[in-house]
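Below is one structure, written out as structure tokens; the observations come after it.
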Amino acid sequence: MIKVKAYGHLIKALGKAELEIDKSEIKVKDILALITSSYTSKSGFSPLTMLIAINGVEISALNREDTVVKSGDELTLIPITHGG
């Protein structure tokens with residue numbers, strides 16, 4: 001099971017703060033496609049406007065959207081735009 005956690009306005013776009021994906025392995029880009037097609041309200045959800053981390057490591061330091069997420073991992077979606 002892979003846990004996905006959202007923060008800020010992404011919670012509203014996702015419809016919840018957390019969800020679980022029942023896969024043993026899946027690429028980040030496939031998770032984003034699944035979320036976009038199944039869970040989001042389509043407003044405010046764009047991979048271009050968020051930081052994506054796996055177990056606290058931003059995916060640009062890994063293999064970007066081709067990074068494989070495994071069961072037990074936590075994928076975090078953090079908006080890069082926010083109030084101050």
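The values are calculated or read from the model by the stated rules, or taken from the named source; none is laboratory data. Owing to the predicted nature of the structure, the values given are computational and were not obtained by experimental measurement. Backbone-built Cβ (ideal geometry, glycine too); neighbour counts: all protein chains shown.
A compact table of results
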| quantity | calculated |
| --- | --- |
| Residues that are loosely packed, with under 12 Cβ neighbours inside 10 Å, within 15 Å of Gly8 (Cβ to Cβ) and of a type outside the set (Gly, Ala, Ser), drawn from region 54-84 | Ile80, Thr81, His82 |
| Filtered residue count, region 32-69, keeping only those that are under 16 Å from Lys5 (Cβ atoms), modelled with pLDDT of 85 or more and in contact with an Asp or Glu (Cβ under 9 Å, 6 or more places away or on another chain) | 9 |
